[in-house]
Amino acid sequence: MKFNRFSFRFGLRIKLFLLSLFLFAIPLLGYQYVWEMEKYLRIGQEKTLMGTVRAVATALHERPNLFNRQASFLPTVQKGRDLYAYPIVDPIQLDGKLDDWHNQHRALNYQQDYLIEGHDIYQAQSLSFKHMVGKYRDHLYAYFSVIDDSVVYRAENSLKIDKNDLLQIAFITPAGDFRRYIISTKAPGWVTAYQIDTHSSVGSSDSSYDSSYGNKPLAPEPRIQGMWIETERGYTIELRLPLTLLGSQLSFAISDIDQHRKEQKITLGTSPFKQADQLGTVLLPSPEIERILKGLDHTESRIWVVDKHGRVLAKAGDIKNSDGVWGKMTKPELTDTWYRPLQQQLLAIYDKILTTPPKDFNDQLYDVAHLQGSHLTKALNGKRGATWRLTTDNKAVILSAAYPIYSDGEVKGAVIAEETTNGIRTLRNQALQSWFNVILAVMGLGTFALFVFASRTSNRIRALRNQTEQAIDEQGKIIHPIAMSKASDEVGDLQRTFALMVQRLSQYTQYLQGMSASLSHELRTPVAVVKSSLESLELDLPASQNNVYMHRAKEGVNRLSTILTLMSEATRLEQSLQNTEKVSYAIDEVVSGCVQGYQLTQPQQDFTLSIDSFNDNSNDNLNENKVNGGPELLAQLLDKLLANAVEFSTIDTTIDIKLTLKNGYFILTISNIGELLPNAMQDRLFDSMVSVRKGKQDPQPHLGLGLYIAQLIAQFHLGSVELVNNENATGVDAIVTIPSAKK
């Protein structure tokens, strides 16, 4: 079985490379170790953050005034009644336009459920409004986007301020005074708030709204400022109140009076506003708690302080800068060394593979008017809690921890601290980068060493294979020795063994080659003696000439002489080829002459000869039919091939001889009709001492040297010879290819 040397082979280098792939288990184990380390770091971050909220809660324990003054004393809160002042980042311009209110989606819609007056005449399309409040520095801001089918302004010369559409404001001052104000305007524009006489009704329990209760104005309040503008569906009021006026209780109400029913009024409001004990509440961020948070200096966390209803009282820190204690770890600086470019390239690759913690994520999970979460629920129930969550854009992971705040044994609120895992992820990336740098260096050097070792071993084995292939030719002759190796390893030992084996086979082959010549030489003398003795016997005994035994003895001696001649023929030819000089001769003339001679010696066989025209008598083609070699050797080659063709041809068939020139090569084809070549012997037809004659009774001995000699002659002409079954599978074609003298 032959293997294609150019086909894919599972060589030593590939095997060692595949074995080196097991080295990749090392970075995988390291990667798994880093992930486990990240888990422990997260546990540590959770415990650290829990310690932070516990420390902040400890600073707020047993301080009831911090919560009572912030409307956190109520057992429950009612949406729309108990207001929350959202922190305002950018200043608000009192122009009646709401473009600078960036959190309008948190405004509440007031309709029939918040109806205070006019139950019997209220219609949904007649009055409704959206409302929210916010805190910016020392002022409370509020806006009212009112839908009113008919806006009625205050008459130009009227002294009354309640016979038109208006805004009612009622609150308790920090000193405990109950105050009411009405904003009533004659036209869109800047508005004035008028304080209303409350008739000393602070603390009154009368909840009736009779028509005799007047709205007597006392004096305008310049500290309450606002803008009234008219819209397509009604009007908008934008308002500002100083925080020094406000306590924890506050109510707003919009009253609507139409032209056809000026004595009937519809009022929608956050809560009843005519008596102090019915006012709603407002929760403002606590400056006292914010000062406490700033004094604790927990800048690596975002901290919320909420009351027992989940409303934010104070906030400190920024979640985008709150990476935790691990966020303080800085990235390693690139050293100014010769491998700095390599470091930069590796860092660029790591940045694409490893997830870099983002700084531009969005976190809009909470409504500060009502924080939620399992950790907060546990804290408000008196237990600490922690939870992990993704930001709303799924770019960052946030850890939240909550701890309860106690006063007189009751939970008054909770402290929530939040941090991102960006610090841990940064630390993890740094660990992975350092680990991968080491692993890449180790694996690179290890793989390179294995590859060099495998290449060197593979090259040595390949060199040994090449020497072994070149040591023996196709006929099995040893033509080159294998060099002795001085290497002390297994490959060197194998090469020395092959060298000794080839050396011994060479000696044995030389013995066999010399034996045929010696045997031929030694047998010729006794054969000659026997032959001369038989001839003498025939002369002495004339009667023995016709004796059958004498004929058999003479035939055996002649046959033995022929065998000795054939045995020495191949050896003589090989020796003569080594000393024969090549000459240029016309191949067509030699082929034509040999075929003519064979036609004379084989009259029972028909031959046809076809030779292409090579010369056209021009100067350029004078040597077109020339080849380099020996004409007598080519004649001997033709004799061997024609003899085979005649012997294997079917009776009454013709042997075709054709000589052509193609691409600088003469192609001589001898075709006969007859027995096909056996498939099992096609690769050995030109070996020495091989014959495929089966069952043929031939008086001439055949040692299987004819085709072997033909191949030697073709190789002397730098050509080749082959035997193939023809295309129709009716016979055999002998094809001789010889380069022209010009080639």
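The values are calculated or read from the model by the stated rules, or taken from the named source; none is laboratory data. All values derive from a computational prediction rather than experimental measurement. Cβ sites come from the backbone with ideal geometry, for glycine too, and all protein chains shown count toward neighbours.
Of all the criteria given as (1) touching a Gly at 6+ places or on another chain (Cβ under 8 Å); (2) modelled with pLDDT of 85 or more; (3) surrounded by fewer than 22 Cβ atoms within 10 Å (Cβ to Cβ); (4) within 18 Å of ALA417 (Cα to Cα), the one not satisfied by ILE292 is (1). Looking at the range 234-244, is at least one residue out of contact with any strand residue (DSSP E or B) (no Cβ under 7 Å at 6 or more places or on another chain), part of a loop (DSSP other than H, G, I, E, B) and in the same structural domain as TYR136 (by TED's automatic domain parsing)? No: the range 234-244 contains no residue that is out of contact with any strand residue (DSSP E or B) (no Cβ under 7 Å at 6 or more places or on another chain), part of a loop (DSSP other than H, G, I, E, B) and in the same structural domain as TYR136 (by TED's automatic domain parsing). Just so you know, in the range 360-376 the residues that are over 15 Å from ALA417 (Cα atoms) and not small (Gly, Ala, Ser) include one that is surrounded by the most Cβ atoms within 10 Å (Cβ to Cβ), and it is PHE361.
Listed here are the residues, each with its yes/no results for (1) free of Cβ contacts under 8 Å to residues at least 12 places away in the same chain; (2) part of a helix (DSSP H, G or I); (3) exposed (fewer than 15 other Cβ atoms within 10 Å of the Cβ).
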site: PHE453; (1), (2), (3): no, yes, yes
site: SER458; (1), (2), (3): no, yes, no
site: LEU464; (1), (2), (3): no, yes, no
site: GLU469; (1), (2), (3): yes, yes, yes
site: HIS480; (1), (2), (3): no, no, yes
site: ALA483; (1), (2), (3): no, no, yes
site: ALA499; (1), (2), (3): no, yes, no
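Is it the case that the range 20-38 has a residue that's touching a Leu at 6+ places or on another chain (Cβ under 7 Å), farther than 21 Å from ALA316 by Cα, touching a residue at least 24 places away in the same chain (Cβ under 8 Å) and among the hydrophobic types (A, V, I, L, M, F, W, C)? Checked the range 20-38: at least one residue is touching a Leu at 6+ places or on another chain (Cβ under 7 Å), farther than 21 Å from ALA316 by Cα, touching a residue at least 24 places away in the same chain (Cβ under 8 Å) and among the hydrophobic types (A, V, I, L, M, F, W, C).
A single member of ILE92, ILE121 is assigned to a loop (DSSP other than H, G, I, E, B), in contact with a Lys or Arg (Cβ under 9 Å, 6 or more places away or on another chain) and within 21 Å of VAL312 (Cβ to Cβ), and it is ILE92. Per the listing ILE472, ILE461, ILE439, ILE479, the residue uniquely touching a strand residue (DSSP E or B) at 6+ places or on another chain (Cβ under 6 Å), at pLDDT 75 or above and not assigned by TED's automatic domain parsing to the domain that holds ALA396 is ILE472. In the range 106-118, the qualifying residues are those that are in contact with a Gly (Cβ under 8 Å, 6 or more places away or on another chain), in contact (Cβ under 8 Å) with a residue 40 or more places away in the chain and part of a strand (DSSP E or B), and the one that is nearest to PHE273 (Cα to Cα) is ILE116. Of the residues LEU380, LEU399, LEU390, the single one that is in the same structural domain as LEU293 (by TED's automatic domain parsing), within 17 Å of VAL306 (Cα to Cα) and of a type in the set (A, V, I, L, M) is LEU380.
Name the one entry in ALA379, ALA417, ALA386 that is assigned to a helix (DSSP H, G or I), buried (at least 16 other Cβ atoms within 10 Å of the Cβ) and at pLDDT 85 or above.
ALA379
Considering only residues in the range 396-414 that are aliphatic (A, V, I, L, M) and in a strand (DSSP E or B), the one that is farthest from ALA314 (Cα to Cα) turns out to be VAL397. Of all the criteria given as (1) at pLDDT below 90; (2) assigned to a loop (DSSP other than H, G, I, E, B), the one not satisfied by ARG81 is (1).
Scan ASP138, ASP120 and give me the residue that is modelled with pLDDT of 90 or more and surrounded by fewer than 18 Cβ atoms within 10 Å (Cβ to Cβ).
Selected residue: ASP138, the only one of ASP138, ASP120 that is modelled with pLDDT of 90 or more and surrounded by fewer than 18 Cβ atoms within 10 Å (Cβ to Cβ).
On the given criteria, is SER720 outside the structural domain of HIS551 (by TED's automatic domain parsing), among the hydroxyl-bearing types (Ser, Thr, Tyr) and modelled with pLDDT of 90 or more?
Details: outside the structural domain of HIS551 (by TED's automatic domain parsing): yes; among the hydroxyl-bearing types (Ser, Thr, Tyr): yes; modelled with pLDDT of 90 or more: yes.
So SER720 passes the test.
Residue-level check: of (1) buried (at least 17 other Cβ atoms within 10 Å of the Cβ); (2) closer than 30 Å to ALA386 by Cα; (3) out of contact with any Lys or Arg (no Cβ under 6 Å at 6 or more places or on another chain), ASP408 misses just (1).
The requirement of being polar (S, T, N, Q), under 24 Å from the mean Cα position of the chain (by Cα) and part of a helix (DSSP H, G or I) is satisfied by ASN437.
Going through (1) surrounded by fewer than 16 Cβ atoms within 10 Å (Cβ to Cβ); (2) within 20 Å of LEU609 (Cα to Cα); (3) modelled with pLDDT under 90 one by one, VAL646 falls short only on (1). For the range 33-68, the set of residues classified as basic (Lys, Arg) and either surrounded by fewer than 13 Cβ atoms within 10 Å (Cβ to Cβ) or in a helix (DSSP H, G or I) (or both) consists of LYS39, ARG42, LYS47, ARG54, listed by residue number.
The residues of the range 650-691 that are at pLDDT 80 or above and within 57 Å of the chain's Cα centre (by Cα), listed by number, are LYS662, ASN663, GLY664, TYR665. Return the residue satisfying two criteria in turn: it lies in the range 259-275 and is part of a loop (DSSP other than H, G, I, E, B) and more than 24 Å from HIS131 (Cβ to Cβ), and of such residues it is modelled with the highest pLDDT. That would be GLU263.
For the structure I just gave you, tell me whether LEU21 is assigned to a loop (DSSP other than H, G, I, E, B) and either surrounded by fewer than 17 Cβ atoms within 10 Å (Cβ to Cβ) or at positive phi (or both). It is false that LEU21 is assigned to a loop (DSSP other than H, G, I, E, B) and either surrounded by fewer than 17 Cβ atoms within 10 Å (Cβ to Cβ) or at positive phi (or both).
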